Structure formats: C-alpha cells, structure tokens
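Notes for the one structure printed next.
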Amino acid sequence: MNRTTVALLAALEAAIVAAVGIGICVVPLTVLWAAQYHLTGDFAVVWKAAADIWLVGHGVNLTVALDPQTVGSLGLPTAAAPFQVTIALLGFAALTAGLGVRTGLRAAETPFRSAGALSALAVFLVVSVLVTLTAGSAVVTPSVWQGVVLPPFVYALGIGIGFAFATLREREARTSSRAGDRAADRAGDRAVDRAADRPDGTSTESHGGAAPVALAVRARVGALPVPVRAGVLGAVRAGSAATAIVVGLSALILALLIFGNYGAIISLYEQLQTGVAGGVALTIAQLAFLPNLVIWLMSWLVGPGFAIGTGSAVSAIGTALGPLPGVPLFGVIPAHGYTFGLVGVLVPLLAGFLAAALLRATRKTQVDGVLALLLTAAGIGVVAGIQLGLLAWWSSGALGPGRLHDVGPNPWLVGAFAAVEVAVAAIIGLMAGGRARR
C-alpha cells in the first residue's frame, strides 16, 4: 500500500472508533426518547446528552447549573450553586484506547506508520471538536479545551501502545531470525571444516559484515551500563505484571460480589422505577462505570480504600458510609465493610511475589548481591505504585454537589501503599526465583 491508502484507511478507522463510542451513548438515549416521549420534542436534546456522556467518559469536566425548580424537586439544596462532574466513566476511555491499540497495530504493519497515526489522530481530533462544540446546554456545559484535547489524547495513548506491541513483535522476530541465521552459519562452517578436513578444527571468518553492526549496537547500548539497563527493564516488566495481576484479581472479586449481591442490585433497580428503556440506558451507563469500580476495589485491597462522599470511607480498616447515590451497582458496597477484611492485602503481596519470582526465574541477567536485589525490588514497587496510583487518580473525582464532590480513592495513598507492599513481596519473590533458577 502507498502512503495515501494507509492514511485514508487509518482515517476511516478513526471515524469508526469515534462512531462506536458515540453510538453507544446515542442509541439507548434515542430508544428512551422514542419510548417515553414518542419521538416528540427536539432530538438535539438527545444528541447533547449523548455528547456530554461521551466527553465525560474521556475525562472532560462538566459544569452543571440547575434551575431553582429542579433543585427543589430533587431536594438537594447544595445543588443550587453550579457544581462540576469530574469523574470519568472509564469504560468509554478504555474502549477508545483499546480500539486505538488496534489502529496502532494495523498502522505498524505498513511502511508508513507515522502517516497512518497522524491521519487517524487528525480525524479523531476533528470529531472531538465537532462533538464538543455541539454538546452542552443551558444546564450542562463541558470544558471546551478538555473536550478538544482529552479524547484524542486517549486515542493517541492506545495508538502508542499498539506501536509498542508491534515493536516488541518485530524485535522478537528479529531475535529468532538472528538465532536461526547463527545456527545455520555454524552448521555451514562445520560442513566446510569437515569438507576441508582441517585437523585443528579452526574455521574461516564468515561474518565479516557483522562486525560493524555489532560495534554500532554496542556503542548505543554502551551509553547505559548493561546491568542497570537490564534492571530497569526488568523492574518495568515485573511492576507492570504486578499491576495487571492486582487489577485482574480485583475485577474477578468484583464479579463475584455482583453475583453475591444480585438481590440488592435488583431491589435498587425496582426502587428507581425507570421502566424498560430507562433500565437499559442505566445499565449501559453502569457498564461504562465498571472500570471505576474495579479500581476502587483495587484501592480497597491495597489498603487505603475509597470514599463515596466527603467524610465517608470504605477500607479494610473500617467503613463509614453516608447516603449513597441511587446507582444499583453500589449495592455491592456493604454498609459495614467486607467480611474478608485485611485478608485483601494478600492480593498486592501475591502480585509482587509472583511478578518478581517470574522475573528472576526467566531473565538473562542475574540479580547478584543484596544491593542489586533491593534496588530491583524497589524499582518493581515504584513502577506498580505509580501505575496503580494513576489508575486511582483517573477513577476518582466529583460525582455531584455537596459531599459528592469527593468520590473515589486517594491516588497518593494508593500509590504509596502499593509501592511498599509490592516491593516487600518482590524481595521474597526475587530470592525464591533465584533459587528456582539454580
């Protein structure tokens, strides 16, 4: 394919990615509009609401200004003043980033990956600008600059991850190819030696062209000591693996809690009396909120827990809850905390141990000495702490007026606790992995 074809295909894929995310918002709201209002009224209201949801799903702040009549009907005196909704429905961001990974992988398969990436980002930027400019109303006003910047940033992040995966694939393929070439060359040299019948077993130089390449590689790698480079890369791998283990187990535990509290969730649905169409729209909104709940449960397992309103706390140490918003999925949050208590802290400890043990058992460079082991374990903890802290930050924010201004985990506490727990477990894992390797 030529450059123009790659750019056009990437642009089309970016348009489809944006259409999928926006369609998930528009379709249920349109069904609700048709069922409740019988297609009467202005469809622009549906579009603006869908655009607002899509934007907040990518981290765009919304400013809400309710009129006095609505404030009185809701019984929320704290909502009389304009307030912000800053918590992101991470399901939309995860969808955009995941499809961005696919875009990056496809662009990386062509000789014009930069052209494909830039074309896709340009189209996604145009869509974000159009959505931002057509969103908002007298009640809800999105942040314009965030609406222009954040959705393309999330998509670009996915494309970058796709490029990274493609680079790793290419590197592994080159490594396998070089290993096969070296084996073939050695077999050829042995065949030549046997044919020449040289008794001393010496061989002729068959890689004269490889020396400059080797020297160039060594010159680039020489800028950073090999043990340091291996330790840093190993810490990044093991720390990322520990993060994945913690988040994966948190998702599994949340799924079990949803099934275990199915009755409470259904009763909350019945109390809301949304009807079939409203229930479908509410369910889709909660599915978009599921990644937030997974991260909140992760923060509970790490230790600090999370808040649902100023002054509230849901943690392994204790639980103090005030009135909860009428979200059925909040039925998984018990009023007196989870019964397994401090046992949850075993999850980050287990993750740090497994990640470090696998790293030590499979890596090519040994961690020799107490200092190297401690530094590597500390690096694993720091990487996991930063990643889990960022996830906690992205999952928290303001959900409404008054006490709902503070919802979600404290990212600093989550990051610090996770770094210490994973690092301590990583020390044991590195020692266990070294024994297994020997």
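Listed conditions (1) within 21 Å of the chain's Cα centre (by Cα); (2) open to solvent by 30 Å² or more (accessible area, probe 1.4 Å); (3) not hydrophobic (A, V, I, L, M, F, W, C) are all met by Gly41, apart from (1). Looking across segment 404-418, the residues that are surrounded by 21 or more Cβ atoms within 10 Å (Cβ to Cβ) and among the aliphatic types (A, V, I, L, M) come down to Leu404, Val407, Val414, Ala418.
Taking Pro325 as the residue in question, decide whether it is under 30 Å from Gln36 (Cβ atoms) and at pLDDT below 85. Give the steps one after another, and end with the answer.
Working: under 30 Å from Gln36 (Cβ atoms): yes; at pLDDT below 85: yes.
Yes; evaluated as a whole, the condition is true for this residue.
Which of the residues that make up segment 419-435 are open to solvent by less than 40 Å² (accessible area, probe 1.4 Å) and either more than 24 Å from the chain's Cα centre (by Cα) or acidic (Asp, Glu) (or both)?
Step one: list which residues in segment 419-435 are open to solvent by less than 40 Å² (accessible area, probe 1.4 Å), which gives 419, 421-423, 425-426, 429-430, 432-434.
Result: Glu421, Gly429, Leu430, Ala432, Gly433, Gly434.
Looking at Ile265, is it in a helix (DSSP H, G or I), out of contact with any Pro (no Cβ under 9 Å at 6 or more places or on another chain) and over 15 Å from Met298 (Cβ atoms)?
No.
Criterion applied to Ala108, Ala122 was being surrounded by fewer than 19 Cβ atoms within 10 Å (Cβ to Cβ) and closer than 18 Å to Leu8 by Cβ, and the one residue passing it is Ala122. The condition of being at pLDDT 70 or above, among the polar types (S, T, N, Q), open to solvent by less than 60 Å² (accessible area, probe 1.4 Å) and over 27 Å from Trp47 (Cα atoms) does not hold for Thr132. Every test in (1) at pLDDT 95 or above; (2) in contact with a helix residue (DSSP H, G or I) (Cβ under 9 Å, 6 or more places away or on another chain) is passed by Ser137 save one, and that test is (1). Tell me, please, whether a residue that is assigned to a helix (DSSP H, G or I), of a type outside the set (Lys, Arg) and either surrounded by fewer than 18 Cβ atoms within 10 Å (Cβ to Cβ) or in contact with a helix residue (DSSP H, G or I) (Cβ under 6 Å, 6 or more places away or on another chain) (or both) can be found in segment 303-318. So far as segment 303-318 goes, no, none of its residues is assigned to a helix (DSSP H, G or I), of a type outside the set (Lys, Arg) and either surrounded by fewer than 18 Cβ atoms within 10 Å (Cβ to Cβ) or in contact with a helix residue (DSSP H, G or I) (Cβ under 6 Å, 6 or more places away or on another chain) (or both). Selection over segment 90-147 of residues that are part of a helix (DSSP H, G or I) and of a type in the set (Ser, Thr, Tyr) gives a count of 7. Applying a threshold of 6 Å to beta carbon distances and a minimum spacing of six or more residues, or different chains, the list of pairs starting in segment 115-132 at a residue that is at negative phi and ending at one that is in a helix (DSSP H, G or I) and open to solvent by 30 Å² or more (accessible area, probe 1.4 Å) reads Ala115/Arg3; Leu121/Ala156; Val123/Ala15; Ser128/Val148; Val129/Val148; Thr132/Val144; Thr132/Val148.
Residues in segment 1-30 that are modelled with pLDDT under 90 and open to solvent by 80 Å² or more (accessible area, probe 1.4 Å): 5 in all.
Just one of (1) modelled with pLDDT of 80 or more; (2) open to solvent by less than 90 Å² (accessible area, probe 1.4 Å) fails for Val192. It is (1). Applying the criterion of being hydrophobic (A, V, I, L, M, F, W, C) and crowded, with 20+ Cβ neighbours inside 10 Å to the residues of segment 374-397, the residue that is modelled with the lowest pLDDT is Ala377. The residue that is farthest from Ile16 (Cα to Cα), among those in segment 152-174 that are open to solvent by 70 Å² or more (accessible area, probe 1.4 Å) and among the aromatic types (Phe, Trp, Tyr), is Phe165.
State yes or no: is Gly400 outside any helix (DSSP H, G or I), within 22 Å of Gly344 (Cα to Cα) and open to solvent by less than 50 Å² (accessible area, probe 1.4 Å)?
Numbers: outside any helix (DSSP H, G or I): yes; within 22 Å of Gly344 (Cα to Cα): no; open to solvent by less than 50 Å² (accessible area, probe 1.4 Å): yes.
No.
In segment 135-151, which residue that is touching a residue at least 60 places away in the same chain (Cβ under 8 Å) and not small (Gly, Ala, Ser) is most open to solvent (accessible area, probe 1.4 Å)? Out of the qualifying residues, it is Thr141.
Yes/no per residue for (1) farther than 30 Å from Leu118 by Cα; (2) assigned to a loop (DSSP other than H, G, I, E, B); (3) not aliphatic (A, V, I, L, M):
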residue	(1), (2), (3)
Ile16	no, no, no
Val27	no, no, no
Gln36	yes, no, yes
Leu66	yes, yes, no
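The values are calculated or read from the model by the stated rules, or taken from the named source; none is laboratory data. Model, not experiment: these values are computed from the prediction. Note that we place each Cβ from the backbone using ideal geometry, even for glycine, and neighbour counts take in every protein chain shown. Surface areas here come from the heavy atoms of the whole protein model, side chains and all, with no ligands, DNA or RNA. Shrake-Rupley method; radii C 1.70, N 1.55, O 1.52, S 1.80 Å.
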